[in-house]
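What follows is one structure encoded as structure tokens, with my remarks underneath.
The values are calculated or read from the model by the stated rules, or taken from the named source; none is laboratory data. Nothing here was measured: the structure is a model prediction, and the numbers come from that model. Cβ: placed from backbone, ideal geometry, glycine included. Neighbour counts: every protein chain shown.
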Amino acid sequence: MKNIINFAHRGASAVCPENTMAAFRKGLELGATGIETDVQMTKDGGLVLIHDETLNRTTSGSGYVKDKTLAEILEVDAGSWFSPEFKGEKLPLLEDLLDLLQGRDTVLNIEFKNGTFFYPGMEEKVIAAVREFKMSDRVIFSSFNHYSLAHSKTIAPEIKTGILYGEGLYRPWDYAASLGANALHAYHQAVLPEFVEEAAKHGIAYHPWTVNDPERMKALIEAGVSGIITDHPDVLAGLLAK
Ligand code: G3P
Ligand code: MG
């Protein structure tokens, strides 16, 4: 069994509606040892797990999360768009997922979705929740907004951070170190074996996303990555068991 974190991307999002409790539970059932999720904030400060800035694509509602109250968010259906089988699934709050994972050793990757809207104070609220659940040692924050990661590191140095990026970052291990980050959450095509080796020499882990092709998974395992973010945790679990 290889010691690589198997992150279920938005939960087991290939077989369940993404970022729902059903998807998170299914991810664990399928062998995930980590969960990746996205967090946005309502106008009254609720921490909601949803990928998009709007409710339009993945719920029965519409409009921006930032313009809704928590009570309004809890009314929408987040399962029917995927399949009638999931009718009635609610949008989870961060606290719901922390509660599910409490008492387990699952790693939780919380992605701050604050690239388009900055959600002032969101990092503080997320950190307070993680600390309340005493899960600081098992959480890793990531974001495409690297100002946000630098900020979270100043207020919670004990919680790991991972730099999210697409491609073409020059010597990303140096950049990660300059931000006090622990990991590189790179688009998987931007990950070469020599990069993984060089990053490791600098104490920086690689957690590539979103890897769904088993051959690509094998290549990244061989390259020595520390974790893989996938919609198919069952496929990755099968490879890691060999
Ligand atoms: O965290 C990895 C991946 O989730 C980043 O992209 O758009 O799926 O949140 P996205
Ligand atoms: Mg994400």
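Descriptive notes on the structure:
- Residue in the range 43-55 that is under 24 Å from Phe133 (Cα atoms) and of a type in the set (Gly, Ala, Ser) present: yes
- Some residue of the range 179-189 being closer than 21 Å to Leu239 by Cβ, away from ligand 2 (no atom under 16 Å from the Cβ) and surrounded by fewer than 21 Cβ atoms within 10 Å (Cβ to Cβ): yes
- Filter result for Ile110 (within 18 Å of Ala183 (Cβ to Cβ), within 16 Å of ligand 2 (Cβ to nearest atom) and either modelled with pLDDT under 95 or buried (at least 19 other Cβ atoms within 10 Å of the Cβ) (or both)): yes
- Set Ala14, Ala71: member being modelled with pLDDT of 95 or more and within 16 Å of ligand 2 (Cβ to nearest atom): Ala14
- When the range 149-173 is filtered for residues that are out of contact with any helix residue (DSSP H, G or I) (no Cβ under 6 Å at 6 or more places or on another chain) and under 17 Å from Thr37 (Cα atoms), the ones remaining, listed by number, are Leu149, Lys160, Gly162, Leu164, Tyr165.
- Single residue of the range 113-136 satisfying the filter (basic (Lys, Arg) and surrounded by 13 or more Cβ atoms within 10 Å (Cβ to Cβ)) that is farthest from Ala150 (Cα to Cα): Arg131
- Taken over the range 98-107, residues that are over 18 Å from Ala22 (Cα atoms) and either modelled with pLDDT under 95 or polar (S, T, N, Q) (or both) amount to 1.
- When the range 228-242 is filtered for residues that are closer than 19 Å to Gly162 by Cβ and either away from ligand 2 (no atom under 16 Å from the Cβ) or touching a Pro at 6+ places or on another chain (Cβ under 8 Å) (or both), the ones remaining, listed by number, are Ile228, Ile229, Leu236.
- Just one residue in the set Val65, Val48 is under 22 Å from Arg138 (Cβ atoms) and either within 16 Å of ligand 2 (Cβ to nearest atom) or among the acidic types (Asp, Glu) (or both); that residue is Val48.
- Single residue of the range 57-77 satisfying the filter (within 22 Å of Gly11 (Cβ to Cβ) and not in a loop (DSSP other than H, G, I, E, B)) that is nearest to ligand 1 (Cβ to nearest atom): Val65
- Checking each residue in the range 167-199 for being outside any loop (DSSP other than H, G, I, E, B), more than 25 Å from Ala14 (Cβ to Cβ) and in contact with a strand residue (DSSP E or B) (Cβ under 8 Å, 6 or more places away or on another chain) picks out Pro172, Trp173, Tyr175, Ala176, Phe195, Val196, Ala199.
- When the residues of the range 56-100 are filtered to those that are within 24 Å of Val130 (Cα to Cα) and touching a Gly at 6+ places or on another chain (Cβ under 6 Å), the one that is surrounded by the most Cβ atoms within 10 Å (Cβ to Cβ) is Glu89.
- Of residues in the range 143-166 being in contact with a strand residue (DSSP E or B) (Cβ under 8 Å, 6 or more places away or on another chain) and polar (S, T, N, Q), the one farthest from ligand 1 (Cβ to nearest atom): Ser152
- Sub-9 Å Cβ pairs linking a first residue in the range 215-231 that is in a helix (DSSP H, G or I) to a second residue that is away from ligand 2 (no atom under 16 Å from the Cβ) and among the polar types (S, T, N, Q), at least 6 apart or interchain, are Arg216/Gln189, ordered by first then second residue.
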